[in-house]
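Have a look at the structure below, then the notes.
The values are calculated or read from the model by the stated rules, or taken from the named source; none is laboratory data. The structure presented is a predicted model; accordingly, all values stated were derived computationally and were not measured. Backbone-built Cβ (ideal geometry, glycine too); neighbour counts: all protein chains shown. Note: accessible area is taken over every heavy atom of the protein model, side chains too, but ligands, DNA and RNA are not part of it. Shrake-Rupley method; radii C 1.70, N 1.55, O 1.52, S 1.80 Å.
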Amino acid sequence: VKGNPSAWAADPIGVVTRLRHPTYVYGYFQGLCQVADEVTGSAGPIAQAVLVVDAEPWAVAEMSGDPFDADTDWTGARAAGVELLRKLWDASADMGTVEPDALAIVSAAARRWDDQSGIRGDSVDPLTAAINRPSTRALDAALSWAMSRVRRDESWSPPTDLLGLLEDWLRRPGLDGLEGRAIIATKLPFLREYAGDWFQANRSLIIGGDAPDDLGRRTFDLYVEWARPTRTLLSEEVEAYALSLNSQADHAVAHLLLGLLWGVPPWDDSGYLLATLLGESVETVSLAGDALARMLREVDDEQVVNRGLALWKSAVEAHLPPEAYKGFGWFAEVDAVSPNDWLDLMSATVDLSGGTIELEH
């Protein structure tokens, strides 16, 4: 299928009918997943084939006594069909009149809450578990559909049915709910922008105190860990960001430093940002110095560099404990700072740190 996508996408229902067994249909759909961006012109017929398979059209002939050798039912093929729809929507495919029915089977799959992830354990993070679970992958597919619609029409907004699906997942407790929230967390910037009224009305359920089992804070932590920051969320979720420094220090610091460099209040106030970092720990200030310098290494925009220098200056003027300054040694690699500023700040940093800075050589 990868070797000749257009031929294999020319008559998807015919291919599914001739392959017939879910073992082979699964392989066919998996092949199309890998070339989805090359077969968007056949998105409608492909979606029709997925609908046929979702209806479990034929009895499954036994091919092997070992389920690792051959599928014994349509479960895998149906899940592959949902994944194929997601891949097509990620490629901004328009399925035409078939799209509502395609979305309906995706939404139904996302509500099959009696399933489990294929990967779980103490060392498995919630997002990894979620992308290995059929119902949460279907939830991701539904969100891919919404994002695809926005790319095709920026004035479009997610419908009530999709938002209801999200609310159903947000109300689920425990590990089950956390895995659904892991998918939703990666799409928080999209939901805040294109479903703003819904987001504000349900903010407490999404990331606040109305979430079951204190999952609101964990949802925001997952957003900080896996998604890109936005100016809107940086300016609105000040308290949530401060709390995330405790559990997602590396990622939260990166978000907040972008708020500083982008000039997003209140993070554009270097004194406020420094106080927030100190509210977590002195070591967090050093972490921020390290990350900030790395961000500025390839930057030549004077305004951006000066915003970054403001935090370094605030840290120096605060006369913090020595461990706060170690990471600022990475400013040795920031060429855009004027020599006078660099010498003054680095000299003071070496003194304040007792000489224990990164890149001391």
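For this structure, a couple of remarks:
- Summarising the amide proton neighbourhood of Asp11: residues at separation of 5 or more, or on other chains, whose placed amide H is nearer than 5 Å comprise an empty set.
- Positive contributions from Lys and Arg (+1) and negative ones from Asp and Glu (-1), summed over other residues with Cβ under 14 Å from the Cβ of Thr284, come out at -4.
- Taking every protein chain into account, the accessible area of the range 93-250 amounts to 44 square angstrom per residue (probe 1.4 Å).
- Qualifying trypsin sites (Lys or Arg not before Pro) in the range 247-322, where qualification requires a DSSP coil assignment and no more than 14 other C-beta atoms within 10 Å, comprise Arg297.
- Put simply, the convex hull of the Cα atoms in the range 260-319 casts, on average, a shadow of 3.8 nm².
- A straight chain from Thr160 to Leu343 at 0.36 nm per residue would run longer than the Cα-Cα distance by 60.1 nm.
- Theoretical FRET efficiency, 1/(1+(r/R0)^6), r = Cβ-Cβ of Val350 and Asp250, R0 25 Å, to 0.05: 0.50
- The value of relative contact order for the chain, using C-alpha pairs under 8 Å at least six residues apart, is 9 percent.
- An ellipsoid equivalent to the range 204-329, defined through the eigenvalues of its Cα gyration tensor, has semi-axes of 26, 16, 12 Å when rounded to whole angstrom and sorted largest first.
- Our Cα-only numbers for the range 133-234 put the radius of gyration and Dmax at 12.7, 38 Å.
- Exposure ranking of Trp267, Trp262 by accessible area [1.4 Å probe, largest first]: Trp262, Trp267
- Cleavage-rule hits, GluC sites (Glu not before Pro), the range 205-303, DSSP coil, Cβ neighbours within 10 Å at most 16: Glu298
- Derived scalar couplings ³J(HN,Hα) [the range 4-11; Karplus, 6.51 cos²θ - 1.76 cosθ + 1.60; whole Hz; x for Gly, Pro]: 8, x, 5, 5, 6, 9, 5, 9
- Under 17 Å from the Met63 label point (7 Å along Cα→beta-carbon), backbone N, the range 74-94: 74-81
- When semi-axes √(5λ) of the Cα gyration tensor in Å is calculated for this entry, the matching label among (1) 34, 25, 18; (2) 34, 26, 21; (3) 48, 21, 20 is (3).
- Residue with peak Gaussian network fluctuation, the chain [Cα springs, cutoff 10 Å], from Leu188, Leu320, Leu165: Leu320
- Table column - 3J(HN,Hα) (Hz), the range 112-123, Karplus curve with 6.51, -1.76, 1.60, x for Gly and Pro: 8, 7, 8, 8, 9, 5, x, 9, 9, x, 4, 8
- FRET efficiency, Asn4 to Glu302 (Cβ-Cβ, R0 45 Å, nearest 0.05): 0.25
- Counted by Cβ distance under 13 Å from Phe331, the other residues give a net charge of -3, where Lys and Arg count +1 and Asp and Glu count -1.
- Note on the range 258-346: with neighbouring protein chains present and a 1.4 Å probe, carbon and sulfur make up 50 percent of its accessible heavy-atom surface.
- Acute angle (nearest 10 degrees) that the helix 302-317 long axis makes with the longest principal axis of the chain, alpha-carbon atoms: 60 degrees
- Accessible-area value, Val35, 1.4 Å probe, nucleic acids and ligands omitted, Å²: 10 Å²
- Theoretical FRET efficiency, 1/(1+(r/R0)^6), r = Cβ-Cβ of His361 and Glu323, R0 22 Å, to 0.05: 0.65
- Heavy-atom accessible area per residue - the range 1-72, 1.4 Å, Å²: 54 Å²
- On full extension, the segment bounded by Ala108 and Ala201 gains 31.0 nm, given 0.36 nm per residue less the C-alpha separation.
- In degrees, nearest ten, helix 99-110 long axis to first principal axis of the chain (Cα): 70 degrees
- If you bin all the Cα-Cα distances of the range 1-131 at 10 Å, starting from zero, the percentages per bin are 12, 41, 34, 12, 1.
- For the chain, the longest principal axis of the alpha carbon atoms and the long axis of helix 75-90 meet at an angle near 50°.
- For Asp301, the shell of other residues with beta-carbons less than 14 Å away shows a net charge of -2, using +1 for Lys and Arg and -1 for Asp and Glu.
- Per-residue ³J(HN,Hα) for the range 275-286, Karplus 6.51 cos²θ - 1.76 cosθ + 1.60, θ = phi - 60°, Hz, x for Gly and Pro: 4, 5, 5, 5, x, 8, 5, 4, 4, 5, 5, 4
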